[in-house]
Amino acid sequence: MQKTECLSGLKIQSKSTALSTPWYLAQPAKMEKQDVAIIGGGIASLCAAISLVKRGAKVTIYCEDDALALNASGNKQGAFYPQLSDDNALTVDFYLHAFSYGRQLLDWAIAQNIAFEHEFCGVALCAYNEKSAVKLAKISQLGLPSEIFQMLNVEQLSEKSGITT
């Protein structure tokens with residue numbers, strides 16, 4: 001007995017053919033023993049350092065501050081979020097991938113019991129003038145997942161953040 005709304009198939013070949021075209025073949029990253037210098041002590045530098053160390057490189061981080069993550073590209077609160085742009089979808093895609101990769105590395109660090117202050121709570125970007133309001137309106141039209149971007153009015157933001165105006 002067969003259902004009327006079902007998809008079925010037949011597997012003719014039991015062994016898949018190997019891909020012989022070189023650009024289809026995944027190549028592991030080749031990292032000969034190298035010393036790598038990274039300038040800057042922010043999140044991006046630390047993500048690059050972790051990735052390189054995992055591949056066998058010896059990494060030295062140079063930071064002009066007394067400790068890592070003090071300047072954070074001018075992001076004094078140390079917020080970790082994707083830099084969303086209203087002018088180029090490719091730029092947005094790049095930053096979304098970078099954010100996802102960075103988040104994976106932070107999750108890896110947490111799993112390794114590496115202690116650092118953090119709270120994954122989100123960031124509120126406010127329309128403080130006409131230009132920023134237009135930018136946020138354009139970003140809201142990109143169809144981003146709600147975990148990445150939500151356009152909220154003052155009341156909604158007050159409710160979500162617990163801050164009254």
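The values are calculated or read from the model by the stated rules, or taken from the named source; none is laboratory data. Every value quoted in this text rests on a predicted model; they were computed, and no experiment measured them. For neighbour counting, all protein chains shown are included, and Cβ atoms are generated from backbone atoms with ideal geometry for every residue, glycine included.
What pairs come out if I take residues in segment 56-83 that are at negative phi and among the charged types (D, E, K, R) and pair them with residues that are part of a loop (DSSP other than H, G, I, E, B) and surrounded by 10 or more Cβ atoms within 10 Å (Cβ to Cβ) whose C-beta lies under 9 Å away, six or more apart or interchain?
Every condition considered, the pairs that remain are 58/34; 64/40; 64/41; 64/71; 65/41; 65/71; 76/70.
To keep it simple, each residue is scored yes or no on (1) part of a helix (DSSP H, G or I); (2) surrounded by 12 or more Cβ atoms within 10 Å (Cβ to Cβ); (3) among the hydrophobic types (A, V, I, L, M, F, W, C).
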site	(1), (2), (3)
91	yes, yes, no
94	yes, yes, yes
97	yes, no, no
115	no, no, yes
135	yes, yes, no
144	no, yes, yes
152	no, yes, yes
156	yes, no, no
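Mind checking which residues of segment 42-65 are of a type in the set (Ser, Thr, Tyr) and either in a helix (DSSP H, G or I) or in contact with a Gly (Cβ under 6 Å, 6 or more places away or on another chain) (or both)?
45, 51
Could you tell me whether segment 66-78 includes any residue that is in a strand (DSSP E or B) and surrounded by 13 or more Cβ atoms within 10 Å (Cβ to Cβ)?
no
In segment 31-41, what residues are part of a loop (DSSP other than H, G, I, E, B) and either surrounded by 10 or more Cβ atoms within 10 Å (Cβ to Cβ) or in contact with an Asp or Glu (Cβ under 6 Å, 6 or more places away or on another chain) (or both)?
Within segment 31-41, 31, 34, 40, 41 meet the criteria.
With the requirement that a residue be crowded, with 16+ Cβ neighbours inside 10 Å and of a type outside the set (A, V, I, L, M), what does segment 99-113 give you?
99, 102
Need the failing condition index for residue 60 against (1) at pLDDT 90 or above; (2) among the polar types (S, T, N, Q); (3) under 30 Å from residue 124 (Cβ atoms), just the number.
All conditions are met except number (3).
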